[in-house]
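See structure below.
The values are calculated or read from the model by the stated rules, or taken from the named source; none is laboratory data. The model shown is predicted, which means the values in this text are computed figures rather than measured ones. Here Cβ is always computed from backbone atoms with ideal geometry, including for glycine, and neighbour counts include all displayed protein chains. Quick note on the areas: whole protein, heavy atoms, side chains included, nothing else; ligands and nucleic acids left out. Shrake-Rupley method; radii C 1.70, N 1.55, O 1.52, S 1.80 Å.
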Amino acid sequence: MTFLTVQTAPIEGQKPGTSGLRKKTQIFREPGYLENFVQSIFDATGGAASRTYVLGGDGRFFNSEAIGVIIRMAAANGAARLIVGQNGILSTPAASNLIRKHGTDGGIILSASHNPGGEAGDFGVKFNAANGGPAPEKITDAIHARTLAITTYRIAEDAAPGIGETGRFTIGDMQIDVVDPVADYETLMRELFDFDAIANLFAGGFRICFDAMHAVTGPYATRILESTLGAAEGSVINAVPSPDFGGGHPDPNPVWARELVAIMNGSDAPDFGAASDGDGDRNMIMGKGAFVSPSDSLALLTAYANLAPAYCGRLAGVARSMPTSRAVDLVAERLGIPCYETPTGWKFFGNLMDAGKVTLCGEESAGTGSSHIREKDGLWAVLLWLNILARDGRDVVQLRADHWRSFGRNYYSRHDYEEIPVDAADALMTALRGRLANLPGSKAAGMEVSTADDFAYRDPIDQSLTGAQGVRIAFTDGSRLVVRLSGTGTQGATLRVYLERYVGRGGDHEQDVQAALAPVIAAAEALTEITKHTGRSSADVIT
Ligand code: VG1
Ligand code: CO
């Protein structure tokens, strides 16, 4: 076994965003690009010597090659052991579970999540810490700093062993355990939920359509929903992962999961519909003819979590990202548990969960999860929904209508403006930030502003401060507008405009969402001048 020390030079732009480092696949394939970043992960976290890591990815184009490179680098850096998903496959939640279950020093997850894959698509690398969660900012900052100072990386000259079969292999002194990607994850799900109740539900003729979007959740959903729980064969569609996700955009929302939406709006719609993203950590929930917004889903799961064995009487608190609607806040208030507001991105939930302060958490972008791991978890959310439906008896539409009647409805939508020039996006944000101090008390398109700020988060556990997390503007009628730039895109800038309007108990809860939000949408344009700054008159994606 020969280990090489290869001379290299810093590469600009290796700064992790909301969730790891994401770039065009062709950039990751440039000589030294992946190697520099992986060596920087090792260097910035005290070296890989004697350490154990989990390694896997969502199977997108370049996954296998990247796994091979990382195996060779881990060996050359003296790692003791790697736990690798068979064929290099691990969903993000399954990787988080393996890190925790085996007490490893962390994990490297290869994915650009909901971003399209393929040769012309995106690739990504994320480092998770020993708690199973995305590395906090102080670690990602240190990794980035290292990428700017790196001079060499270490790699084994020999090819990495095949990982097509489960079992134990070695490369030099490093041990590699190739594991079934689904088995441990399924065991965990069995511990959390009432599988008998869900199996009875299916046995009684309940029908589900789960759209795996040609991505990593296919094997997980097929095994758990169809083989174990008895959902009809074919309940999971687009179930075979493909390197370019069938040419699609594996983002589970009504725009990209069109096939599922058509099925659920069809005349013979199943009782329940769901979709998951590229790396399996997001979920979209539908009932017959009804899309459940992720913010509402989080509120409903919190309200009924006591129907699942793992959560009955065990909700310490909940958390949501700042742009997520405040529907869950109302549930937390009634349950008498705390509700935390964090910046966008799962890395901010980890400390709260480690400290036992939060049990459930979620984001408006279709991420929901709990303290069972330290990542959001798409299939987990689907199973919690099924557990609730099985034990409650009502259907999705009824459950949601009753919820709105009891709590009021937080109408909610996100408008995305994609691939706008970075300068234009920065100018818009700078102009908006410059106006914040003068906004309270003023009117925009007839809406009166009550408060306006740029969200800054003081972590309640480690007291770290994260600033400039997005502009939030609240109106006197309880509506809310949030504006921020995406941290996961790979081309230009993506502007996200989040809109929320609350209609209380006794109000009309069956309006069209965009119509209900019209006053907030008009205020958003008046305050941000999107058209003036970007030349765009409408959003690219509305979810
Ligand atoms: C987006 C979402 C955010 C999510 C992140 C990673 O980030 O808005 O809620 O945590 O993606 O999700 P941004 O910075 O583009 O708004 V995943 O499934 O892509 O790991
Ligand atoms: Co994802």
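For region 266-303, how many residues meet the condition of being outside any helix (DSSP H, G or I), more than 12 Å from ligand 1 (Cβ to nearest atom) and among the hydroxyl-bearing types (Ser, Thr, Tyr)? The number of residues fulfilling the criteria is 2. Report whether or not Pro294 is under 29 Å from Phe127 (Cβ atoms), touching a residue at least 60 places away in the same chain (Cβ under 8 Å) and either open to solvent by 10 Å² or more (accessible area, probe 1.4 Å) or not assigned by TED's automatic domain parsing to the domain that holds Arg100 (or both). Criteria met by Pro294.
Please state which one of Asp122, Asp105 is outside the structural domain of Gly350 (by TED's automatic domain parsing), within 18 Å of Thr488 (Cα to Cα) and among the acidic types (Asp, Glu). It would help to see each step written out before you state the result.
Details: Asp105 fails: within 18 Å of Thr488 (Cα to Cα).
Sole residue among the options that is outside the structural domain of Gly350 (by TED's automatic domain parsing), within 18 Å of Thr488 (Cα to Cα) and among the acidic types (Asp, Glu): Asp122.
Can you find even one residue in region 116-123 that is farther than 24 Å from Ala366 by Cα and not in a strand (DSSP E or B)? Yes, because at least one residue in region 116-123 is farther than 24 Å from Ala366 by Cα and not in a strand (DSSP E or B). Counting the residues of region 151-175 that are in contact with a Lys or Arg (Cβ under 7 Å, 6 or more places away or on another chain) and open to solvent by 40 Å² or more (accessible area, probe 1.4 Å) gives 1.
In this structure, does Ala215 turn out to be under 16 Å from Leu379 (Cβ atoms) and within 16 Å of ligand 1 (Cβ to nearest atom)? Break it down into steps so the answer makes sense when it comes.
Values: under 16 Å from Leu379 (Cβ atoms): yes; within 16 Å of ligand 1 (Cβ to nearest atom): yes.
Yes.
Inspection of region 404-425 finds a residue satisfying the criterion of being open to solvent by 10 Å² or more (accessible area, probe 1.4 Å) and within 17 Å of the chain's Cα centre (by Cα). Taken together, Val497, Val520, Val483 contain a single residue that is outside any loop (DSSP other than H, G, I, E, B), within 20 Å of Gly408 (Cα to Cα), open to solvent by less than 50 Å² (accessible area, probe 1.4 Å) and in contact (Cβ under 8 Å) with a residue 24 or more places away in the chain, which is Val520. For the structure I just gave you, tell me whether Ile83 is open to solvent by less than 10 Å² (accessible area, probe 1.4 Å), under 21 Å from Pro134 (Cβ atoms), assigned to a helix (DSSP H, G or I) and of a type outside the set (S, T, N, Q). Considered against the rule, which asks whether it is open to solvent by less than 10 Å² (accessible area, probe 1.4 Å), under 21 Å from Pro134 (Cβ atoms), assigned to a helix (DSSP H, G or I) and of a type outside the set (S, T, N, Q), Ile83 comes out as no. Taking the criterion of being of a type in the set (Ser, Thr, Tyr) and under 21 Å from the mean Cα position of the chain (by Cα), the only residue of region 115-165 that qualifies is Thr140.
Rundown of residues vs (1) surrounded by 23 or more Cβ atoms within 10 Å (Cβ to Cβ); (2) within 16 Å of ligand 2 (Cβ to nearest atom); (3) outside the structural domain of Arg505 (by TED's automatic domain parsing), yes/no style:
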{"site": "Asn351", "(1), (2), (3)": "no, no, yes"}
{"site": "Ala381", "(1), (2), (3)": "yes, yes, yes"}
{"site": "Ile388", "(1), (2), (3)": "yes, no, yes"}
{"site": "Leu399", "(1), (2), (3)": "no, no, yes"}
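Look at region 258-279: where a residue is among the aliphatic types (A, V, I, L, M) and away from ligand 2 (no atom under 16 Å from the Cβ) and a partner is open to solvent by 10 Å² or more (accessible area, probe 1.4 Å) and at pLDDT below 95, sitting 6+ places away or on another chain with Cβ atoms under 6 Å, you get Val261/Pro254. The residues in region 307-338 that are assigned to a helix (DSSP H, G or I), open to solvent by less than 10 Å² (accessible area, probe 1.4 Å) and either farther than 21 Å from Leu389 by Cα or in contact with a strand residue (DSSP E or B) (Cβ under 7 Å, 6 or more places away or on another chain) (or both) can be counted, and the count is 3. Residues that are outside the structural domain of Glu65 (by TED's automatic domain parsing), among the β-branched types (Val, Ile, Thr) and assigned to a helix (DSSP H, G or I) are absent from region 240-249. Among the residues of region 436-458, is there at least one that is in contact (Cβ under 8 Å) with a residue 60 or more places away in the chain, open to solvent by less than 50 Å² (accessible area, probe 1.4 Å), assigned to a loop (DSSP other than H, G, I, E, B) and not hydrophobic (A, V, I, L, M, F, W, C)? No, that holds for no residue.
Scanning region 86-102 for residues that are out of contact with any Ser or Thr (no Cβ under 6 Å at 6 or more places or on another chain) and either in the same structural domain as Pro241 (by TED's automatic domain parsing) or assigned to a strand (DSSP E or B) (or both), we see that the one that is most open to solvent (accessible area, probe 1.4 Å) is Asn87.
Of all the criteria given as (1) away from ligand 1 (no atom under 15 Å from the Cβ); (2) open to solvent by 20 Å² or more (accessible area, probe 1.4 Å); (3) part of a strand (DSSP E or B), the one not satisfied by Gly506 is (3). Under the condition of being over 27 Å from Asn200 (Cβ atoms) and either open to solvent by less than 30 Å² (accessible area, probe 1.4 Å) or of a type in the set (Phe, Trp, Tyr) (or both), the residues counted in region 262-290 number 5.
If only residues of region 113-132 that are within 14 Å of Glu375 (Cβ to Cβ) and among the polar types (S, T, N, Q) are counted, the one that is farthest from ligand 2 (Cβ to nearest atom) is Asn131. Filtering region 46-96 to residues that are charged (D, E, K, R), farther than 23 Å from Ala142 by Cα and touching a Gly at 6+ places or on another chain (Cβ under 9 Å) leaves Asp58, Arg60. Pairing each residue of region 396-408 that is free of Cβ contacts under 8 Å to residues at least 60 places away in the same chain with any residue that is not small (Gly, Ala, Ser), provided the two are 6+ apart or on different chains, yields C-beta distances under 9 Å for Asp402/Arg394. Within region 463-480, the set of residues being more than 20 Å from Ser19 (Cα to Cα), away from ligand 1 (no atom under 16 Å from the Cβ) and touching a residue at least 12 places away in the same chain (Cβ under 8 Å) comprises Ile473, Ala474, Phe475, Thr476, Asp477, Gly478, Ser479, Arg480. When region 366-379 is limited to residues that are buried (at least 24 other Cβ atoms within 10 Å of the Cβ) and of a type in the set (Ser, Thr, Tyr), the one that is farthest from ligand 2 (Cβ to nearest atom) turns out to be Ser370. The lone criterion from (1) open to solvent by less than 50 Å² (accessible area, probe 1.4 Å); (2) within 22 Å of the chain's Cα centre (by Cα); (3) under 30 Å from His403 (Cβ atoms) left unmet by Ile542 is number (1).
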